[in-house]
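Student: Quick one: structure below, then a few questions.
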Amino acid sequence: MESEHHPDKPYVLATGEKAVSRLDLLEQIFGPATRQLLSAAGLCSGMRVAEIGCGIGLTARWVSTQVGAGGSVTGVDSSPGQLRVAAEGAAETGATNLSFHEGNAYETGLPRDSFDLVYARFLLCHLADPVKALAEMSSLLKRGGILVCEDHDDGGIFTEPATHAYKRLVEISDAVNRSHGLDSSIGLKLPRLFREVGFRQPQVNVNQITVLRGEEKRFWELTLREAESAILAAHASTSAELDAICEEMRKIAQDESILLMLARVTQVWARKPGSPGDRGL
Ligand SMILES: C[S@@+](CC[C@H](N)C(=O)[O-])C[C@H]1O[C@@H](n2cnc3c(N)ncnc32)[C@H](O)[C@@H]1O
């Protein structure tokens, strides 16, 4: 199916130093499952890997330890601020097989048919034309190379018992996404989108991330605060309502009788068909 392209509106969350605390928390929450995913998909020593929408480079740094000195990792992001933090972090580790480049997911500028594995996490949910980005990622892979993506869908965010704050979070998120031409259900659509760009037999795994206590339970409160300007610009809420929602979220975070379904993450991976007639993994 031909994808319909909407021009992207600016990224709605913080970048650079202001993004660090939330992306560190994001890594704490989602990092373990990401590492399992990449290992299950076939990440190994010596591979040439690209990560698109790499943020501050936390996953890329771990991948660089897996591919070793004989492999390499190239992180791409459209935000110079994220890349500055990523490069500083990489310099601290002394990794020589890790580099970062400014680029757009639709047209990365990376060499075609060159990578063994291409990976993206929580990137496609920010893009108005995810199929175009997937096609670009596919074009970077060698034949037989592995495409790995993970993303969430807003249906996986709720509390038990139900709370006003989290119901409104999903409504507000959906309103902002619609105003930016973004899809709140992108995670669950990933297997279908992989097929659209030629990966006919994708593998899939879905994780429902659930928390009862700890800093992780404040993830959406921090995210809402970062997205405040975009929310107000989309007329999806008001400052007064956001204050009230964040206050309720803080109380929920301290209340261990409330279970927070933090996110449902769909992980998809597949091999690029290696020869005519090869159906891929
Ligand atoms: C939610 S963050 C995720 C970062 C990282 N993948 C992670 O999981 O920690 C999304 C990232 O995508 C980047 N991004 C957004 N639109 C992009 C585009 N069109 N091309 C490249 N990167 C983009 C943002 O700058 C941001 O760093």
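Where a number appears in this text, it was derived from the coordinates with a stated rule and is not lab data. Values in this document were obtained by computation on a predicted structure and should not be read as measured data. Neighbour counts are summed over all protein chains in view; Cβ atoms, including those assigned to glycine, are modelled from backbone coordinates with ideal geometry.
Student: If each residue of separation counts as 0.36 nm, what is the full-extension length gain between Ala91 and Arg178 once their alpha-carbon separation is subtracted? Intermediate results must be reported in sequence, preceding the final value.
Tutor: On the way: separation 87, 0.36 × 87 = 31.32 nm, distance 3.88 nm.
Stretched out fully, the Ala91 to Arg178 stretch lengthens by 27.4 nm.
Student: Which of the aspartates and glutamates could a cross-linker bridge to Lys142, judged by Cα under 12 Å and excluding same-chain residues fewer than eight apart?
Tutor: Once the sequence-local aspartates and glutamates are set aside, what remains near Lys142 is Asp113, Asp116.
Student: Same structure, new question: Taking amide hydrogens as modeled 1.01 Å from N in the peptide plane, which residues meet the under 5 Å criterion relative to Arg48, leaving out close sequence neighbours?
Tutor: Under 5 Å from the amide H of Arg48: Ser72, Asp116, Leu117.
Student: What's the longest bit of the chain with no exposed GluC sites (Glu not before Pro), using DSSP loop states and at most 12 other Cβ atoms within 10 Å as the test? Before the final figure, lay out the partial values.
Tutor: Details: sites that count: Glu2, Glu4, Glu256.
Longest gap between qualifying sites, sites excluded: 5-255.
Student: Which links in Lys132/Lys167; Lys217/Lys251; Lys18/Lys132 stretch past 21 Å when you go from one Cα to the other?
Tutor: Working: Lys132/Lys167 31 Å; Lys217/Lys251 10 Å; Lys18/Lys132 29 Å.
Over 21 Å apart, Cα to Cα: Lys132/Lys167; Lys18/Lys132.
Student: Return, ordered by residue number, the residues of the range 250-272 whose backbone nitrogen is under 17 Å from a label point located 7 Å along Cα→Cβ of Arg143.
Tutor: Label zone hits: 271-272.
Student: Test of understanding: what is the full-extension gain from Gln201 to Thr238, defined as 0.36 nm times their sequence separation minus their Cα-Cα distance? Walk me through the numbers on the way to the answer.
Tutor: Working: separation 37, 0.36 × 37 = 13.32 nm, distance 4.45 nm.
So the extension gain works out to 8.9 nm.
Student: Residues of the range 198-226 with backbone nitrogen within less than 15 Å of a virtual label 7 Å along the Cα-to-Cβ line of Gln254, please, listed as ranges.
Tutor: Answer for this model: 213-215, 217-218.
Student: In which sequence would His152, His180 go, from the one with the fewest C-beta neighbours within 10 Å to the one with the most? Walk me through the numbers on the way to the answer.
Tutor: Numbers: His152 23, His180 20.
Ordered from fewest to most neighbouring Cβ atoms within 10 Å, His152, His180 come out as His180, His152.
Student: Please rank Tyr166, Tyr119, fewest neighbouring Cβ atoms within 10 Å first, as an exposure proxy. Show your work: numbers first, answer last.
Tutor: Numbers: Tyr166 22, Tyr119 29.
Ascending Cβ contact count within 10 Å gives the list Tyr166, Tyr119.
Student: So if each residue of separation counts as 0.36 nm, and I subtract the Cα-Cα distance between Glu17 and Tyr106, what length gain in nm does that give?
Tutor: Values: separation 89, 0.36 × 89 = 32.04 nm, distance 2.50 nm.
Result for the pair: 29.5 nm of gain on full extension.
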